[in-house]
Structures are given as structure tokens and as C-alpha cells.
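Heads up: the structure comes next, in C-alpha cells.
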Amino acid sequence: MDTVKIGLCGLGTVGTGVVKVLKDHKARIRHMLGCNVEIVKVLVNNVDKPRDVVIDMNWLTADPDELVNDEEIEVIVEVMGGIEGTNQLLERALKNKKHIVTANKDLMALYGQKLLRLAKENHCDILYDASIAGGIPIVRTLADGLASDHIEKIMGIVNGTTNYIMTKMTQEGLAFDDVLKEAQRLGFAEADPSADVDGLDAARKMVLLANLAFKMELNLDDVTVKGIRQVNQEDINFAKSLGYIIKLIGIASINDYKAEVTVEPILLPKDHPLSLVNNEFNAVFVHGEAVGETMFYGPGAGSLPTATAVVSDLMEVIRNIRLGISGHSYISPQFERKLKVDAEKFSRHFIRLAVEDQAGAFQEITNVFSDHDVSFAKILQLPAEKKGRAEIVMITHQISQEQLLKSLQALKDLTVVERLISHYRVDGEE
Ligand code: HSE
């Protein structure tokens, strides 16, 4: 096995990075593996398009069969994206005993468990570290480095676009739309930013992390998702004055073998390690029963960071081939899929209300909370711009989601409450 031949699917931002890393680090890779790694075919849409990378044009093909049916190719590196067609291509590749490395979280979040099982049946590996938080080796960390621990909670800034937007809104007081346009101009945000700003991209990554950490088979539909479109400057300023900053955070937690996975803008204490993660950077904060708190930080996207993760996975696949242990990376779920119900989901909450500024209004509101056994850590009443109106901002102690929803409904039913302006979870014990 002096040379391992690979087929590369996709020659965009990440694909060109993979070609570059394999070329620039060729000696190091050979030294570590004891063999060469050679790309022999590249699947692209348009074989005639000029490329930004030095590549043998004879490698290019628009026909997936040329990769899937090529007996010389041992590993398929998939960095082209897409879901249904890509899933079919990878299924065929696995059935033809080809190992897979992919950076495709959309695909893995939907079909990951199925593909992993198929890989095991065919004694093949499918590795996907590049699909979550690009340059941060978080899959490897959960699967290997922290394998001996019981992971209780993961908090992730796993979407660079939204972290960039929230950073600029917080530090420079800019409006959501203006920052989004700037992020698109700089190339961080997609032309259609919905999957990022509405939280779906982060949800896909969080479900993959939760399944790895909790050894359960959770689905994308199990994730409660709320994006950042409704976050405004007033909320950010209120949060600041109370000692918090707002960020889009994915949280996966488990108690009594029941899981909860959410993606939403939350209030983080200013001194929380994740509060220091700014701009397009990603970070994953992992709490293990034995290890305690750990945090992993780095670039979440980009050509070379993502390509580094892809090539490291490729090296692991090749090591496994040499050791004869391919197909063992999938560990079947250990626990039944069980989700927390609302009465078991505990958090603190920030609630902001527009109310009528009249005698007794405050008492009516506090009565609603005491009726639902909700107590406050902080509460502020401020005059609103509109005459005869006030705003009440409060942070509760730990309450269940059930208590929260019932209290919010009862508040909406009060005539002194004009509207619920906003509401966020608050991280931290007290
Ligand atoms: N669109 C993603 C982000 C990068 O903004 O983080 C790829 O996962």
C-alpha cells in the first residue's frame, strides 16, 4: 500500500483547500501514514471551468460513476454539498466498499445514522469531523478524547454567520439588516442566509454533537430552533445593563437519560468563556461529569480550516485500513431516544413586557408569577417612550418550561399587559 487513491467530490472552496493541504503537507502526511495519498478523480459540475488551484485537468469528470465504480479508488472525499443526490452517491460508494470522508452536515444531520450503519455493514469508515465547526476537531474530541466521560451538557457557538452578526450588533450598535449585508459582502454569509440566521445550520450541527455525546439517536425534528432575526438593540442593551450578552447558542443537555437540544439566542453572563468568542469564530463548551468544563475554539468555516479537518479524517481512514479496523467508527446508540418534557426543562428566563403605567399594574403582574411559583433574581421598571406606558424587564430564578409557558399565557391575558416584547433563556445557575 504505497499509494492510497482517492476520489474527490467537489472542487469549490473546501475542495480546492483539500487539494492544497494534500499538496503542501505531502511530506508530513507521507511521514505519518507511511504511504502517499493521491487524488485520481474529481467530480465537478463543469469540467471546463477555470480553477483556482493547480490540478491535473484529466482528473476532472462530471460523471459520479467514474468515481463510484473505479476499483482503484479506496476513499471518497465528499465536499460538494447537497442532500438527496449526494446521499445516493455515498450509499452506492459504500456498497462498493469505499470509505467516506464528508464535510456535509446537512446530509449527516438527516441521513447520518443510516449512512453510518451502512458503512459498518460494508466494513467501511465514514468520518465527518469537518461538518461541525470546520477547523475545530470536536467530533474526534467527543469520540476519543472524552470517550471515557459522561457528557452532561454541550453549549456551542457553531454558526459563524450569526456569531458575526451578534458581535457587530453588540459591539457596534448596528442593526441586524446592515450587519447581514456587510457579512454577505465579506463572504461570511450566504446570499440566502435563512439556514444560518434562522438557526437551522446550528441545529444540524447540534443534533450531530448530541448523538455523539449522549449515544442516542436524536433527529433534527427533536431540536427546538429559534433564530436571531427578532433580536433588537433594546434587548441587547437591557441584557448588557444586567451583565449579559446575547448570542445564538446551541445547547444539548441530558438528565436522567432524557435529552433536550435547543438552538436560540440566549443571555450569557459577560464572564462566560463563550461570551469571549467573537466575530465568525466558533467554540464548543463541553461539560463532562468527570472532566468538568472544557472549551474548544477555532474557525468554523473557510477553505483551509475545513480542509484540514477533511484531510485529518482522511488520514484516520487510511490508518484504519492499514490496521484492518475499518467500519468500527460507528457505535450503535446505547440509550433509547428519550426527550425531556416541559416540566423537566429548567432554565432562568429574561422577560420583557410593555405594560400600562397605572396603580396596581405591577402587582397584577407579580401575582401571575407568584400563582405559578416563579420568583425573580432581577426586576426593572422603566418609563416607555409612549406616555402612560412602562416597560418591565425581569430575570427569573430557575423555572420549568411549563411554568414559563403558563406564566406567559396568563400575562398575555392581563389587560394591563400591552404585549410581551421579548423573551430569552438566561444561562447560568444564579
Ligand atoms: N454557514 C456556516 C456558518 C458555515 O456561518 O458558520 C458552514 O457550516
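The values are calculated or read from the model by the stated rules, or taken from the named source; none is laboratory data. Since we're looking at a predicted model, the values are computed, not measured. Don't worry about glycine lacking a Cβ; one is built from the backbone with ideal geometry, like all the others, and counts go over all protein chains shown.
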Within segment 59-66, does at least one residue satisfy the condition of being buried (at least 16 other Cβ atoms within 10 Å of the Cβ), more than 16 Å from the ligand (Cβ to nearest atom) and among the hydroxyl-bearing types (Ser, Thr, Tyr)?
yes
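So which of ALA309, ALA359, ALA410, ALA390 ends up being touching a strand residue (DSSP E or B) at 6+ places or on another chain (Cβ under 8 Å) and not acidic (Asp, Glu)? Spell out how you get there, then give the answer.
Numbers: ALA309 fails: touching a strand residue (DSSP E or B) at 6+ places or on another chain (Cβ under 8 Å); ALA359 fails: touching a strand residue (DSSP E or B) at 6+ places or on another chain (Cβ under 8 Å); ALA410 fails: touching a strand residue (DSSP E or B) at 6+ places or on another chain (Cβ under 8 Å).
Just a single option satisfies the conditions, and that option is ALA390.
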Could you please find all residues in segment 353-377 being within 27 Å of ALA252 (Cβ to Cβ) and touching an Asp or Glu at 6+ places or on another chain (Cβ under 8 Å)?
ALA377
Taking segment 96-125 and the residues there that are closer than 18 Å to ASN69 by Cβ and of a type in the set (S, T, N, Q), the one that is surrounded by the fewest Cβ atoms within 10 Å (Cβ to Cβ) would be ASN96
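When the residues of segment 126-149 are filtered to those that are assigned to a helix (DSSP H, G or I) and within 14 Å of the ligand (Cβ to nearest atom), which remaining residue is nearest to ILE266 (Cα to Cα)? Give the derivation first.
Filtering segment 126-149 for residues assigned to a helix (DSSP H, G or I) gives 129-131, 138-145.
Then keep just the ones that are within 14 Å of the ligand (Cβ to nearest atom); that gives 129-131, 138-139.
Values: ASP129: 26, ALA130: 26, SER131: 24, ILE138: 22, VAL139: 24 Å.
If we take residues in segment 126-149 being assigned to a helix (DSSP H, G or I) and within 14 Å of the ligand (Cβ to nearest atom), then ILE138 is nearest to ILE266 (Cα to Cα).
Going by the structure shown, is GLU72 acidic (Asp, Glu) and within 31 Å of the chain's Cα centre (by Cα)?
Values: acidic (Asp, Glu): yes; within 31 Å of the chain's Cα centre (by Cα): no.
Taking the combined requirement at face value, the residue does not satisfy it.
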For GLU152, the lone unmet condition from (1) within 13 Å of the ligand (Cβ to nearest atom); (2) outside any helix (DSSP H, G or I) is (1)
Meets criteria (surrounded by 13 or more Cβ atoms within 10 Å (Cβ to Cβ) and more than 25 Å from SER131 (Cβ to Cβ)) for ASN36:
yes
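Looking at segment 13-24, which of its residues are loosely packed, with under 15 Cβ neighbours inside 10 Å and touching a residue at least 12 places away in the same chain (Cβ under 8 Å)? Walk me through it before giving the result.
Filtering segment 13-24 for residues loosely packed, with under 15 Cβ neighbours inside 10 Å gives 23-24.
If the condition is that a residue be loosely packed, with under 15 Cβ neighbours inside 10 Å and touching a residue at least 12 places away in the same chain (Cβ under 8 Å), then LYS23 is the only one that fits.
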Those residues of segment 147-163 which are modelled with pLDDT of 95 or more and of a type in the set (A, V, I, L, M), in sequence order
ILE151, ILE154, MET155, ILE157, VAL158
Does any residue of segment 408-417 turn out to be within 30 Å of the chain's Cα centre (by Cα) and outside any strand (DSSP E or B)?
yes
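Just to be sure before I move on: is ILE351 touching a residue at least 24 places away in the same chain (Cβ under 8 Å) and part of a strand (DSSP E or B) in the structure I sent? Don't jump to the end; show me each part of the working.
Values: touching a residue at least 24 places away in the same chain (Cβ under 8 Å): yes; part of a strand (DSSP E or B): yes.
So ILE351 passes the test.
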Check whether at least one residue in segment 45-54 is closer than 27 Å to ASN159 by Cβ, without any contact (Cβ under 8 Å) to a residue 40 or more places away in the chain and under 31 Å from the mean Cα position of the chain (by Cα), and report yes or no.
yes
Of residues in segment 272-308 being of a type in the set (A, V, I, L, M) and in a loop (DSSP other than H, G, I, E, B), the one farthest from the ligand (Cβ to nearest atom):
ALA290
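Yes/no matrix, rows are residues, columns are (1) closer than 30 Å to LEU267 by Cα; (2) touching a helix residue (DSSP H, G or I) at 6+ places or on another chain (Cβ under 9 Å):
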| residue | (1), (2) |
| --- | --- |
| GLU289 | yes, no |
| GLY298 | yes, yes |
| ILE318 | no, yes |
| HIS328 | no, yes |
| SER332 | no, yes |
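Hand me the list of helices (runs of 4 or more DSSP H) wholly inside segment 166-255 holding 1 or more residues that are of a type in the set (Lys, Arg) and within 12 Å of the ligand (Cβ to nearest atom).
Numbers: elements: 176-186, 194-197, 200-214, 233-241.
Ranges flagged: 200-214.
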